[in-house]
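Data block below; observations after.
The values are calculated or read from the model by the stated rules, or taken from the named source; none is laboratory data. Predicted, not measured: the structure shown is a model, and the values here were computed from it. With ideal geometry, Cβ positions are generated from the backbone for all residues, glycine too; neighbour counts draw on all protein chains shown.
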Amino acid sequence: MALNGFMELRLERCGLNGLNELVHLSRKTFKDAFEKDNDPEDFKAYMEVAFDREKLKGELSSKDSYFFFAYVDDVLAGYFKLNQNQNQTDVKLPQSMELERIYVSEPYQGKKIGEWLLTKAKQITAEGKKTFLWLGVWEKNAKAIAFYQRHGFVKFGTHPYYIGKDEQTDWLMRFDLINYNAL
């Protein structure tokens, strides 16, 4: 798909053969997004656990977690992760799917790739016969909250999220797929 008439976008499911790229991209995008807002020791501890190679390998091998890579002109530019059933971090309802991660590399931000990825996540969730897609977003991430609200997500609760020993609060937001017609 071409976006803005100049970029070719492609979505590809990530398998075990993409583990090295997933580890690198996950660490890089999370660090770019949140390192400056967190205690260095807590942040380092979180990074070592959340993006551990063996942990990500296990998540890739799970039948209820899915990673998708976004390519712009054949360059890896972002990714998202969906969880269903018991792999969801909070809600765990059979009719729901969790968007656990969605990140775009800094050089590709501001080009509507995040919007494209979110649309793809909604489509995959709808194809899976789920009734809603939900996510957790840090309460201090006003830019992301506004993005999700623009795309039809509404807050329905909160849950704790730990960066190392630092307890933070995530807003739980959902998008209802009833009568959703993907583009």
Exercise for review: Determine whether region 45-57 contains at least one residue that is touching a residue at least 40 places away in the same chain (Cβ under 8 Å), of a type outside the set (Phe, Trp, Tyr) and closer than 15 Å to residue 30 by Cα.
Suggested key: yes
Check your understanding: Among the residues of region 51-59, is any among the aromatic types (Phe, Trp, Tyr), out of contact with any helix residue (DSSP H, G or I) (no Cβ under 8 Å at 6 or more places or on another chain) and surrounded by 15 or more Cβ atoms within 10 Å (Cβ to Cβ)?
Key -> no
Exercise for review: Output the residues belonging to region 113-150 that are more than 17 Å from residue 170 (Cβ to Cβ), among the β-branched types (Val, Ile, Thr) and either at pLDDT below 95 or in contact with a strand residue (DSSP E or B) (Cβ under 6 Å, 6 or more places away or on another chain) (or both).
Suggested key: 113, 125
Practice item. Pairs only if they're at least six apart or on different chains, beta carbon under 6 angstrom, first in region 135-160 and on the phi > 0 side of the Ramachandran plot and surrounded by fewer than 16 Cβ atoms within 10 Å (Cβ to Cβ), second assigned to a strand (DSSP E or B) and of a type outside the set (A, V, I, L, M); list them, first residue then second. Key: 152/175
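Give the residues of region 69-112 that are among the acidic types (Asp, Glu) and either modelled with pLDDT under 95 or surrounded by 15 or more Cβ atoms within 10 Å (Cβ to Cβ) (or both), sorted by residue number.
The initial filter retains those residues of region 69-112 that are among the acidic types (Asp, Glu), namely 73-74, 90, 98, 100, 106.
If the condition is that a residue be among the acidic types (Asp, Glu) and either modelled with pLDDT under 95 or surrounded by 15 or more Cβ atoms within 10 Å (Cβ to Cβ) (or both), then 73, 74, 90, 98, 100 are the ones that fit.
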